[in-house]
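The block underneath contains the structure these notes are about, expressed in structure tokens.
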Amino acid sequence: DEGAAGLAPGLKTSSSVCDVDVSGSLLGSSGVCSLLEALADHKGLTRLEMSDNNISVLGDSSLRALKSLARKNTLCDAGFANTSLSEGDAVELVKCLCTCTSIQRIDV
């Protein structure tokens, strides 16, 4: 999670990143939250892959960041498979991502 916190400032200021893949990075919920908050205002992200991490909870700030990212309507592909998300959090995740008109694949 410390590594994610270190990456977050760079992602927040970068305007050219279109693909973020941190799958299998041993991230926990707080690391994922840091990354999602950093990406919330990103305008060109098309792929977000966070599968195979130890994500157990998506808190309110993570969901707000996902909603903000989805409103940009550039995200096509999102992966959150093989995590420890509860069924309720997985449902909220899918609801957030389905508001994005460009989404083509959601893997939970």
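The values are calculated or read from the model by the stated rules, or taken from the named source; none is laboratory data. A quick note: this is a predicted structure, and the numbers were derived from the prediction, not measured. A quick note on method: Cβ atoms are made from the backbone with ideal geometry, for glycine too, and the neighbour counts reach across all protein chains shown. Note: areas computed on protein heavy atoms with side chains; ligands, DNA, RNA excluded. Shrake-Rupley method; radii C 1.70, N 1.55, O 1.52, S 1.80 Å.
Structural remarks
- Shape call, the range 13-63: gyration tensor on alpha carbons, a/c limit 1.5: oblate
- Computed [θ] at 222 nm, deg cm²/dmol, the chain (DSSP H ≥ 4; -39,500 (n - 2.57); rounded to nearest 500): -13000 deg cm²/dmol
- Rounded accessible area of C18 (nearest 10 Å², 1.4 Å probe): 70 Å²
- Given R0 = 22 Å, the distance between the Cβ atoms of N73 and D21 translates into a calculated FRET efficiency of 0.60.
- The alpha carbon gyration tensor of the range 1-97 gives principal lengths a ≥ b ≥ c with a/c of 1.5 or higher and a/b no greater than b/c, which makes the shape oblate.
- FRET efficiency estimate (nearest 0.05) - Cβ-Cβ, E2 to D107, R0 25 angstrom: 0.40
- Proximal lysine pairs, the chain, alpha carbons under 14 Å, eight or more residues apart or interchain: 4
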